[in-house]
Amino acid sequence: MIRREGRYLLRTNLTETNPAKLWEFYLQLVEVEAAFKNLKGDLSIRPIYHPREDRIEAHIFVACLADCRHVTLRAKLRGKTPGLTPRAALEKFARMQMLDVHFPTTDGREWIFTRYTQPEQDPQLLLEQLGWCLPAQPPPKITAKREMER
């Protein structure tokens, strides 16, 4: 076994002679591979076969948007909570839920309150560290009057 401490051997077929430029290309390749790994892993975007080209393009667009959000979250976490990965942050936020609470009225209408659950201690602390706050709970919706069943 040959020991080569402090050295990194990079073999390429590129003709660029500047080693710094070759290293930059390699790091870009690593970032692209990490993005695809995230698309398949953390973001759970798997291959889907679409019959139309516009749907294929839309799928790629949504996947790229998801990756952009993931990269943005990673950068935000790095500055505020070093060591916390986007996956771990999303797992903390996943415990929060949005639900609809239905209240029937005596005149046949229904009030629908869309509410999110209050965050537990960990997600609340993370929200505070990131400087984020949850929006106000949305106002209730009132459905139209239904015909009373006989």
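The values are calculated or read from the model by the stated rules, or taken from the named source; none is laboratory data. Quick caveat: nothing in here was measured; it's all calculated off a predicted structure. Neighbour counts are summed over all protein chains in view; Cβ atoms, including those assigned to glycine, are modelled from backbone coordinates with ideal geometry.
A few points about this structure:
- Only one of Val101, Val62 that is loosely packed, with under 13 Cβ neighbours inside 10 Å and under 29 Å from Val32 (Cα atoms): Val62
- Subset of segment 96-127 that is out of contact with any Ser or Thr (no Cβ under 8 Å at 6 or more places or on another chain) and among the charged types (D, E, K, R) - its residue that is farthest from Arg69 (Cα to Cα): Asp107
- Failed condition for Met148, given (1) at pLDDT 90 or above; (2) among the hydrophobic types (A, V, I, L, M, F, W, C); (3) more than 21 Å from the chain's Cα centre (by Cα): (1)
- Filter result for Leu90 (assigned to a helix (DSSP H, G or I) and either surrounded by 14 or more Cβ atoms within 10 Å (Cβ to Cβ) or not hydrophobic (A, V, I, L, M, F, W, C) (or both)): no
- Criterion applied to Leu10, Leu84, Leu29, Leu22 was being touching a helix residue (DSSP H, G or I) at 6+ places or on another chain (Cβ under 8 Å) and modelled with pLDDT of 75 or more, and the one residue passing it is Leu84.
- For segment 111-129, a tally of residues being part of a strand (DSSP E or B) and touching a Lys or Arg at 6+ places or on another chain (Cβ under 6 Å) returns 1.
- Residues in segment 47-59 that are surrounded by 12 or more Cβ atoms within 10 Å (Cβ to Cβ) and at pLDDT 85 or above were compared, and the one that is nearest to Ala34 (Cα to Cα) is Ala58.
- Residue check, Asp100 at pLDDT 85 or above and acidic (Asp, Glu): yes
- In the set Pro51, Pro82, only one residue is within 24 Å of Gln129 (Cα to Cα), over 17 Å from the mean Cα position of the chain (by Cα) and of a type outside the set (Ser, Thr, Tyr); that residue is Pro82.
- Cβ separations smaller than 6 Å between residues 6+ apart or across chains give the following pairs from segment 62-88 residues that are closer than 18 Å to Pro123 by Cα to residues that are modelled with pLDDT of 90 or more and outside any helix (DSSP H, G or I): Leu77/Leu84.
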